[in-house]
Amino acid sequence: MFVILITLALGAFMIWWLLTPEKRLREMGNKIPGPTPYPLVGNIFNFNIFGIKALDDWKYCMNKYGRTFRFWLGPQLHIFITEPEDIQMLLSSQTLITKSEAYYTLESWLGSGLLVSTGELWQRRRKAITPTFHFKILDEFVPTFNKCANTLVKILKDKVSKGFFPLTDFMSHCALDAVAETAMGTEIKAQTNPIGEYPSSVVKMTTTLMEKIGNPLLGMEPLYTMSGRRTREDHLLNILFSLPLEVIRKKENEKNSPTDSSPTEEAFGVKKKTAFLEYLLKMKRDNVPAFQTEKDIKDEVMTFMFEGHDTTTMALTFAVWLLGLHQDIQEELYREVSGILVGQEPTMEDYQKMTYLERVLKETIRLYPSVPIVARKATQDVVLPSCGYTVPKGAHLDVIILALQRREDLFTDPDKFNPDRYFEPQKHPYAYIPFSAGPRNCIGQKFAMLDMKVIVSNLVLNYKIESDEDIIVSPEMILRTKKGPNIRLISRN
């Protein structure tokens with residue numbers, strides 16, 4: 001009995017020690033207003049940073065405490081920021097580049113890829129990968145994007161005039177085909193032979209990881225293993241590794257000589273339509289410091305397969321749904337697209353002419369940014385210029401992009417879908433940051449915008465879209481929906 005009591009006491013002490021923030025962090029953090037935390041667990045039971053209740057909690061706290069407030073996730077101090085001056089200070093910094101600890105829950109999946117890595121490793125990788133997104137390389141991808149969009153148009157013929165149907169899976173398979181065949185140089189035909197496990201496992205995995213981030217208690221051992229979450233994560237990882245690893249193996253086993261070159265390779269160090277993966281393999285062969293092992297390549301492939309597919313999926317989903325809700329905007333877009341795409345195979349120049357489509361997509365990701373939150377860890381004390389609060393070293397700064405981009409003082413009628421708002425000058429350079437900003441902005445944003453232009457223009461050219469308004473949005477690692485969106489189609493031909 002005595003031994004049991006001692007064991008329980010030691011266990012309680014360890015939990016208390018692990019979940020009690022250091023004195024300085026606690027004292028400085030409590031000088032910033034925010035919801036009342038509970039002992040040890042902080043605000044995990046009275047504040048939702050993620051999920052369908054998050055939007056209401058954000059609004060409540062912003063109304064009560066202001067646009068900058070703090071909350072505690074167990075022993076972690078988080079500062080919620082939506083002031084453009086503060087965001088500019090943080091995201092433009094060359095020193096405050098360390099991601100929040102929340103990102104490290106992704107290490108089992110994405111390893112040391114660009115999304116997670118920091119410091120010298122991140123700098124080497126970012127510099128090495130940047131050439132793969134050169135606009136002349138993206139130009140080589142247009143025929144593949146066109147092919148994927150045409151496949152989507154054909155598949156959706158079965159849905160014409162048959163009522164409302166869920167949209168997301170169609171966007172997911174199309175986006176997956178596009179990223180695999182362009183950046184990875186491998187045709188997987190997800191649209192015509194749906195590989196349902198990979199896309200659905202991405203959603204399940206991000207949900208599993210969000211549980212750990214939102215409630216640190218769930219991630220503690222042995223609770224994490226005893227609850228069955230470890231087994232679930234391992235199962236999902238096996239699925240998520242299988243497709244990217246197969247893509248890498250196919251590329252490595254190609255019989256083409258590694259010394260074969262093309263005009264694109266000679267100019268930019270990569271081959272046509274295989275820029276990303278081919279370039280990584282070439283750097284490994286050349287013993288470039290950033291990519292010396294198979295794991296180095298795997299981590300970046302896993303990262304790009306996740307980010308290049310999942311974020312684009314949701315942006316496309318919201319764009320098509322919004323067009324179905326706003327028939328006047330959809331018809332104006334149809335006039336632009338049909339006036340440019342007049343029978344020939346579309347080119348990069350054609351898509352660059354689609355300025356209204358550009359604004360439609362910009363407005364979509366203002367209202368529904370695919371990544372609703374980005375976060376950094378303060379590696380030094382930081383003073384927020386908008387309010388003078390001092391954020392202590394060790395705290396986390398959460399940039400709430402979804403809340404920022406719907407501020408009524410920064411955007412007139414902020415909840416309205418209005419592509420023409422971009423004729424007006426932006427009120428602050430960091431008021432609109434759907435791809436983040438600064439040195440750690442999204443490296444693939446031009447790739448994503450081109451991909452979305454091709455897919456949306458082809459859909460609008462062939463179908464009239466109508467949308468069901470009923471939708472439930474859930475801010476998570478990626479902005480998702482728990483209900484909808486559903487659309488129906490009418491053929492334009």
**Ile373 farther than 30 Å from Lys23 by Cβ, surrounded by 20 or more Cβ atoms within 10 Å (Cβ to Cβ), modelled with pLDDT of 95 or more and among the β-branched types (Val, Ile, Thr)** = no
**Item:** the range 68-80, residues that are under 18 Å from Val374 (Cα atoms) and either open to solvent by 20 Å² or more (accessible area, probe 1.4 Å) or touching a helix residue (DSSP H, G or I) at 6+ places or on another chain (Cβ under 6 Å) (or both)
**Value:** Phe69, Arg70, Leu73, Gln76, Leu77
**Asked** Looking at Thr132, is it under 23 Å from the mean Cα position of the chain (by Cα) and assigned to a helix (DSSP H, G or I)?
**Response** yes
**Message:** With on the phi < 0 side of the Ramachandran plot, modelled with pLDDT of 95 or more and of a type in the set (Ser, Thr, Tyr) as the only criterion, which of Ser93, Ser100, Ser117 stands out?
**Reply:** Ser93
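From Val337, Val301, which residue is assigned to a helix (DSSP H, G or I) and closer than 22 Å to Ala149 by Cα?
Working: Val301 fails: closer than 22 Å to Ala149 by Cα.
Matching residue, one of Val337, Val301: Val337.
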**Request:** Considering only the range 292-310, state which residues are open to solvent by 10 Å² or more (accessible area, probe 1.4 Å), charged (D, E, K, R) and in contact with a Gly (Cβ under 8 Å, 6 or more places away or on another chain).
**Result:** Lys295, Lys298, Glu307
**Complete:** Note on the range 365-411: residues outside any loop (DSSP other than H, G, I, E, B) and over 29 Å from Lys453 (Cβ atoms) are Ala375, Arg376, Lys377, Val382, Val383, Thr390, Val391, His396, Leu397, Asp398
**Prompt:** Within the group Ile87, Ile97, Ile79, which residue is closer than 30 Å to Ile44 by Cβ and assigned to a loop (DSSP other than H, G, I, E, B)?
**Reply:** Ile97
**Asked** Could you count how many residues in the range 93-123 are closer than 19 Å to Glu294 by Cβ and surrounded by fewer than 16 Cβ atoms within 10 Å (Cβ to Cβ)?
**Response** 3
**Asked** Among the numbered criteria (1) of a type outside the set (Lys, Arg); (2) touching a residue at least 60 places away in the same chain (Cβ under 8 Å); (3) closer than 30 Å to Arg26 by Cα, which single criterion is violated by Glu107?
**Response** (2)
**Candidate set from the range 311-351 (those that are open to solvent by 50 Å² or more (accessible area, probe 1.4 Å) and of a type in the set (Asp, Glu)); member that is modelled with the lowest pLDDT** = Glu345
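Within the range 157-245, considering only helices (runs of 4 or more DSSP H) that don't extend past its boundaries, which have at least 2 residues that are buried (at least 21 other Cβ atoms within 10 Å of the Cβ) and touching a residue at least 60 places away in the same chain (Cβ under 8 Å)?
Passing ranges, in order: 168-182, 197-214.
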**Request:** Give the range 31-67 a look and list any residue that's closer than 19 Å to Lys393 by Cβ, surrounded by 14 or more Cβ atoms within 10 Å (Cβ to Cβ) and out of contact with any helix residue (DSSP H, G or I) (no Cβ under 7 Å at 6 or more places or on another chain), or say none.
**Result:** Ile32, Gly42
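Of everything in the range 246-266, what is of a type in the set (Asp, Glu), at pLDDT below 50 and in a loop (DSSP other than H, G, I, E, B)? Give them in sequence order. Don't jump to the end; show me each part of the working.
Of the range 246-266, the ones of a type in the set (Asp, Glu) are 246, 252, 254, 260, 265-266.
The next check asks that each one be at pLDDT below 50; those that pass are 260, 265-266.
Answer for the range 246-266, where residues must be of a type in the set (Asp, Glu), at pLDDT below 50 and in a loop (DSSP other than H, G, I, E, B): just Asp260.
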**Message:** Scan the range 414-434 and tell me whether some residue there is in a helix (DSSP H, G or I), basic (Lys, Arg), surrounded by fewer than 21 Cβ atoms within 10 Å (Cβ to Cβ) and on the phi < 0 side of the Ramachandran plot.
**Reply:** yes
**Complete:** Reported set for the range 303-338 where residues are in contact with a strand residue (DSSP E or B) (Cβ under 7 Å, 6 or more places away or on another chain) and within 21 Å of Leu236 (Cα to Cα) is Met314
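Which is in contact with a Phe, Trp or Tyr (Cβ under 8 Å, 6 or more places away or on another chain), at pLDDT below 95, within 30 Å of Thr481 (Cα to Cα) and not hydrophobic (A, V, I, L, M, F, W, C), of Gly74, Gly42? First the steps, then the outcome.
Working: Gly74 fails: in contact with a Phe, Trp or Tyr (Cβ under 8 Å, 6 or more places away or on another chain).
Result: Gly42 is the single residue among Gly74, Gly42 that is in contact with a Phe, Trp or Tyr (Cβ under 8 Å, 6 or more places away or on another chain), at pLDDT below 95, within 30 Å of Thr481 (Cα to Cα) and not hydrophobic (A, V, I, L, M, F, W, C).
The values are calculated or read from the model by the stated rules, or taken from the named source; none is laboratory data. Small disclaimer: the values here were computed from a predicted structure and weren't measured. With ideal geometry, Cβ positions are generated from the backbone for all residues, glycine too; neighbour counts draw on all protein chains shown. When the accessible area is computed, the model is the full protein with side chains, heavy atoms only, and any ligands, DNA or RNA have been set aside. Shrake-Rupley method; radii C 1.70, N 1.55, O 1.52, S 1.80 Å.
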